[in-house]
Amino acid sequence: MRRITVVGLGSVLAVLVAAGVVVCVPGRSGPSAPLPPAGASASTVGRAFLDAAVRRDCDGMRALSSPDDTSWCPASLWARWTGEGDPTMHSWGGLRDVSAPADAGRCFVYSLRESGLVGMATGEGTWGFCERHTRHGWRIVSEGQA
């Protein structure tokens, strides 16, 4: 009798853990591409970050941002089920440097086509990001709607 109880509890625990993993683990990351070298310009790093966002390459976005910016990574099933959305950048274009010449960092604006952002209409919009130079090269430090 005791053996049946232990096996039963073990089975229930295994099912709960499996359900938790399926629901909470983020979606699969997209294909990766080579990252720009540490000496690359801010605009080159920005383009690589935006390309990674379109591919949903979470590792690439993490590597090119500080702190980690994975806003465009596939959402978990839980996030989708609870209405938190699944932000997807479909395309981008028109990257423009809007920094003042004396600024230590670089800021850019660009147009994008997106879907899945909660509270925002699907479609085209103007967004921006700023970068600062680190020991690893230029890195995205902030991003959002312009």
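Under the combined filter of DSSP loop state and at most 14 neighbouring Cβ atoms within 10 Å, the stretch 39-146 retains these GluC sites (Glu not before Pro): GLU84. Of the chymotrypsin sites (Phe, Trp or Tyr not before Pro) in the stretch 104-146, not one is in a loop by DSSP (not H, G, I, E or B) with at most 12 other beta carbons within 10 Å. Estimated at 0.36 nm per residue, the fully extended path between GLU84 and ASP68 surpasses their Cα-Cα distance by 3.8 nm.
What the Kirkwood sum gives for the stretch 51-120 is a hydrodynamic radius of 13.6 Å, with every pair of different alpha carbons counted. Restricting the stretch 84-146 to trypsin sites (Lys or Arg not before Pro) that sit in a DSSP loop and have at most 11 other Cβ atoms within 10 Å of their own Cβ leaves ARG135. Note on SER71: accessible area is roughly 70 Å² with a 1.4 Å probe, heavy atoms of protein only. When you count the other C-beta atoms within 10 angstrom of each residue and take the mean per peptide, 115-123, 47-55, 62-70 line up highest first as 47-55, 62-70, 115-123. Couplings 3J(HN,Hα) for the stretch 36-44, derived from phi with the Karplus relation 6.51 cos²θ - 1.76 cosθ + 1.60 (θ = phi - 60°), are x, x, 4, x, 5, 5, 4, 5, 5 Hz, where x marks Gly and Pro.
The values are calculated or read from the model by the stated rules, or taken from the named source; none is laboratory data. From a predicted model like this one, the values you see are computed outputs, not experimental measurements. Here the Cβ is made from the backbone with ideal geometry for all residues, glycine too, and neighbour counts use every protein chain on show. Accessible surface areas use protein heavy atoms only, side chains included; no ligands, DNA or RNA. Shrake-Rupley method; radii C 1.70, N 1.55, O 1.52, S 1.80 Å.
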